[in-house]
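The values are calculated or read from the model by the stated rules, or taken from the named source; none is laboratory data. A quick note: this is a predicted structure, and the numbers were derived from the prediction, not measured. With ideal geometry, Cβ positions are generated from the backbone for all residues, glycine too; neighbour counts draw on all protein chains shown. With ligands, DNA and RNA removed, areas are computed over all heavy atoms of the protein, side chains included. Shrake-Rupley method; radii C 1.70, N 1.55, O 1.52, S 1.80 Å.
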Amino acid sequence: MAADDHSKTKEPLPQRPRGPHPYRVGGTARAKDDQARALLTDWVGEYAPMVHAVVARAVRPGDADVVEDLVQDVWLEAWQYMLRGNTVARPAGLLATKARRRVAKHYASARVRRELLTDYQDETSAVARLASWIGAAA
């Protein structure tokens, strides 16, 4: 075939079977997942108030609405940590550390730094702030 011959000679792709995946994925990991799930369930029952308290103490007073989201993120991180096969000798310490780090990561994100609290009841300061932003951008 010459270098300038651009004819399409590809064979068509084979048809994929419809329905569920024909191969089992991670057959041996299933037992480990069940063990991790049971362990995490025990931890939630025992340590949920402590995780909530650590997060609630660490967030700013005006951000009480994000506490539940951050607590859920802590449990998700703990679940992922256990699925990676890590062993935990002191779950209270792990969860408290993950809670504090999750709050710190939340406040370090650019989205939170860009958000500004605006009191819409005080129209004069809101209009003045908006005018200063427009003036600075123009």
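General observations
- Accessible-area composition of segment 48-115, carbon plus sulfur, in percent [1.4 Å probe]: 52 percent
- In sequence order, segment 79-88 has phi-based couplings of 4, 5, 4, 6, 5, 6, x, 6, 9, 10 Hz under the Karplus curve 6.51 cos²θ - 1.76 cosθ + 1.60, θ = phi - 60°, and Gly or Pro positions carry x.
- Estimated inter-spin distance, Leu83 and Asp69, nm [label 7 Å along Cα→Cβ]: 2.2 nm
- Using the Karplus relation 6.51 cos²θ - 1.76 cosθ + 1.60 with θ = phi - 60°, the per-residue 3J(HN,Hα) values for segment 62-75 come to x, 10, 5, 6, 8, 4, 4, 5, 5, 4, 4, 5, 5, 5 Hz, with x marking Gly and Pro.
- Rounded to the nearest whole Hz, the Karplus-based 3J(HN,Hα) values (6.51 cos²θ - 1.76 cosθ + 1.60, θ = phi - 60°) of segment 90-107 follow the sequence 10, x, 4, x, 4, 5, 5, 5, 4, 5, 5, 5, 5, 5, 4, 5, 4, 6, with x at glycine and proline.
- Local net charge near Asp73, Cβ-Cβ under 11 Å (Lys/Arg +1, Asp/Glu -1): +1
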